[in-house]
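Here is the structure we will look at, set down as structure tokens.
Nothing in this text is a laboratory measurement; each read-out follows from the coordinates by a stated rule. These numbers come from a predicted model, not from an experiment. As a convention, Cβ positions derive from the backbone with ideal geometry for all residues, glycine included, and neighbour counts pool all protein chains shown.
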Amino acid sequence: MFGLFKKKSQEEVLQERYKKILKEAFELSTTNRSASDKKQAEAQEILDKIDAIKK
């Protein structure tokens, strides 16, 4: 109950976004390879931001 209004950290938000984009890239990989590659690149950028936050 007390965690209901807890604000997520920037790292948690980026991790959720990273997982969502990876899922989209996987789904696109069967139909549109170039779009999947773009999503993979976008996910890599987010992963770099997460690594920067951790340091």
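Would you tally the residues in the stretch 25-48 being under 10 Å from the mean Cα position of the chain (by Cα) and surrounded by 14 or more Cβ atoms within 10 Å (Cβ to Cβ)?
Step one: list which residues in the stretch 25-48 are under 10 Å from the mean Cα position of the chain (by Cα), which gives 39-40, 42-47.
Narrowing further to those that are surrounded by 14 or more Cβ atoms within 10 Å (Cβ to Cβ): 39-40, 42-43, 46-47.
Selection size over the stretch 25-48: 6.
Between a first residue in the stretch 30-43 that is assigned to a helix (DSSP H, G or I) and a second residue that is exposed (fewer than 11 other Cβ atoms within 10 Å of the Cβ), which pairs have beta carbons less than 9 Å apart while being 6 or more apart in sequence or on different chains?
Final answer for the pair search is Ser36/Thr30.
Considering every residue within the stretch 2-17, establish whether at least one is assigned to a helix (DSSP H, G or I), touching a Ser or Thr at 6+ places or on another chain (Cβ under 9 Å) and not charged (D, E, K, R).
No - not one qualifying residue is present in the stretch 2-17.
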